[in-house]
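Working notes, structure below.
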Amino acid sequence: MAKNGYKVLDSDMHILEPADLWQRYIDARFKHLAPIGTTDHVRDLRLVGPDGRAWGRPIDPAPGTLPPPGHIFHKNQKLFKTHNERGWSPQVQLDAMAEEGIDIAILYPSRGLNVLSIPDMDAQFAAALARAYNNWLYDFCQADPGRMIGAGMISPFHIDDAIAETQRCVNELGFRAIFLRANIVSGRNWHDPFYEPLWSALESLDVPLGFHEANNSAARQAGEQFGYDFMLRHTFSHPVEQMYAVASFCGGGILDRHAKLRVAFLEGNCGWLPFLLWRLDEHWELYGDQWAPELKNPPSYYFKRQCYASVECDEEPAKYAIDFLGNERLVFSTDFPHVDTKYPKAVERFLELPIGEEDKRKILWDNCAAYYGMVGM
């Protein structure tokens, strides 16, 4: 299903989970605790707890205190009306892929991005929430498992649970990646020794890790100082949280210790990479002997060796990232069906970017295939 002669592998396509996913799929002993989705409008991504309160995000604002919805909201209400009426089914996903010209999509959550974003959750409950989502996603992908492939959810609250679920996702469910939110919810930076066994497990399984952020969290998050101002909060929440994660992996020594681990920073843009990596390198040169004596190379070295970042379809600053990094470290995403997607013209918009034809070919397919271990498919 080539698009204008290009094969397309969507590194980060979203599903929209049914509102009652966790009621139907979670272990029975946790069912009374599980969140449920709200359905107040088309493409409603929110969760509430059994008590009706906001789940995984700040408390809802007082009625009448926010401005009325803008043009993007109304556009998406129309754009996704039939998708919603059809229940966001596997066939809806496949039809959307066909309309965009996507050959293969790696699927990430929508409601599920917030299900574990509560600080210091009970570890057993958090693991059960992740298992339930993964079981549902496996069933969802069975409509066409060659084209729809899952990225598995793991809990950051107990390392043995995370490793066990990673192994199950890879060995039993056939998923091609594991994801975490970049947003810290356990009080530990990613380069904390607590996570070392997980990075080793991912490395030994040869399965990549994808970091994906959301626009809000019940934990501390970049952009929270803007409160309910979605425009300003959303500007910073995704890329800045990803910057923090890049710093931990490249400057905190994780990738120095785990030379075979592949990591992607998804849906946070890529145009900031030249600045951030330059600044990390500068600070390593100035202070690395004191604060990172074990780091043998500048942080940018590890990104260029092991990391990927996603390009928005209309992200013109991607050309600067290519100038700095080369064209092998960027991957493509439609972000369907989230608020800023350009569906059904995302691939067409990407092909208009002022970058080379070989750059486009590598970003649309080759780099995604390398990241997800799908070269030759």
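Scanning segment 141-162 for residues that are open to solvent by 10 Å² or more (accessible area, probe 1.4 Å) and under 19 Å from the mean Cα position of the chain (by Cα) yields ARG147, ILE149, PRO156, PHE157.
Going by the structure shown, is VAL331 modelled with pLDDT under 95 and either open to solvent by 10 Å² or more (accessible area, probe 1.4 Å) or outside any helix (DSSP H, G or I) (or both)?
no
Scanning segment 286-314 for residues that are charged (D, E, K, R), in a loop (DSSP other than H, G, I, E, B) and over 22 Å from ILE363 (Cα atoms) yields GLU294, LYS296. Anything in segment 361-377 that is surrounded by fewer than 20 Cβ atoms within 10 Å (Cβ to Cβ) and in a helix (DSSP H, G or I)? List them, or say none. Answer for segment 361-377, where residues must be surrounded by fewer than 20 Cβ atoms within 10 Å (Cβ to Cβ) and in a helix (DSSP H, G or I): ARG361, ASP366, ALA369, ALA370.
The values are calculated or read from the model by the stated rules, or taken from the named source; none is laboratory data. Keep in mind it's a predicted model, so treat the numbers as computed, not measured. Quick reminder, even Gly has a Cβ in these numbers, built from the backbone with ideal geometry, and neighbours come from all protein chains shown. SASA here: full protein model, heavy atoms, side chains in, ligands and nucleic acids out. Shrake-Rupley method; radii C 1.70, N 1.55, O 1.52, S 1.80 Å.
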